[in-house]
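First the structure, in the form of C-alpha cells, and then the observations on it.
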Amino acid sequence: ESDAGDYTCVCGDKQSTASLAVHALPVLFKEELKNEEALEGGSVSLRCELNKAAPVQWKIGSKVLKASDKYQMRQPGTTAELVIHGLEVKDA
C-alpha cells in the first residue's frame, strides 16, 4: 500500500504521469492453531501463521488476553505465538 501514489516519467521538457492504487489483500491463515495437550504446572505454545504480517489478538472464550507472567505473546513476522506458563486445569 505504501507504493500507491502518482508516478511521473520525465524526458527533457516532456512528462507523463499516472496514478497507482494498491489494494490490500485480506489477511488469511496459512497455518491454523492446532489442538494441544499439556500437564498441569507446565507450559504450552500455541502458534499460527498468517499470509502477511498483521496485528493479532489472543482470546480465551470472549476474554481478551494481555501479556503477563502467565501469557507471553510474540509475533516475529507472519507467525503469531502465545505461550501460557504455569498451566492450571482452568486454562483448558
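Can you tell me which residue among Lys70, Lys34, Lys14 is open to solvent by 100 Å² or more (accessible area, probe 1.4 Å) and within 28 Å of Asp91 (Cβ to Cβ)? Outline the logic, then answer.
Values: Lys70 fails: open to solvent by 100 Å² or more (accessible area, probe 1.4 Å); Lys14 fails: within 28 Å of Asp91 (Cβ to Cβ).
Step by step, each of Lys70, Lys34, Lys14 is checked, and only Lys34 is open to solvent by 100 Å² or more (accessible area, probe 1.4 Å) and within 28 Å of Asp91 (Cβ to Cβ).
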Fill in the blank from the handout: Scanning segment 3-36 residue by residue, those within 22 Å of Gln72 (Cβ to Cβ) and not in a strand (DSSP E or B) turn out to be Glu32, Leu33, Lys34, Asn35, Glu36
Practice task
Show the residue pairs that are 6+ apart or on different chains and have beta-carbon atoms under 6 Å apart, the first residue being within segment 1-24 and within 28 Å of Lys52 (Cα to Cα), the second being open to solvent by 80 Å² or more (accessible area, probe 1.4 Å) and of a type in the set (D, E, K, R).
Solution key: Ser19/Asp6; Val22/Glu1; Val22/Asp3; Ala24/Glu1
Exercise for the section: Might you let me know whether segment 32-48 holds any residue that is over 28 Å from Asp69 (Cβ atoms) and within 20 Å of the chain's Cα centre (by Cα)? Expected result: no
Practice task
Output the qualifying pairs, or none if there are none: Cβ atoms under 7 angstrom, residues six or more apart or on different chains, first residue in segment 30-48 and modelled with pLDDT of 95 or more, second residue open to solvent by 100 Å² or more (accessible area, probe 1.4 Å) and not in a strand (DSSP E or B).
Solution key: Glu40/Val89; Val44/Glu36; Leu46/Glu36; Cys48/Glu32
Fill in the blank from the handout: Residue hits (segment 59-92; in a loop (DSSP other than H, G, I, E, B) and free of Cβ contacts under 8 Å to residues at least 24 places away in the same chain) are Gly61, Ser62, Leu65, Lys66, Ala67, Ser68, Asp69, Lys70, Gln75, Pro76, Ala92
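Can you pull out the residues in segment 37-58 that are closer than 28 Å to Glu88 by Cα and not in a strand (DSSP E or B)?
So the first thing to find is which residues in segment 37-58 are closer than 28 Å to Glu88 by Cα, and the list is 37-49, 55-58.
Matches in segment 37-58: Glu37, Ala38, Leu39, Glu40, Gly41, Gly42, Ser43, Pro55, Val56, Gln57, Trp58.
The values are calculated or read from the model by the stated rules, or taken from the named source; none is laboratory data. It should be emphasised that the depicted structure is a prediction, and the values quoted were computed from it without experimental measurement. Please note: Cβ atoms are built from the backbone with ideal geometry, for glycine as well, and neighbour counts cover all protein chains shown. The area values use the complete protein model at the heavy-atom level, side chains included, leaving out ligands, DNA and RNA. Shrake-Rupley method; radii C 1.70, N 1.55, O 1.52, S 1.80 Å.
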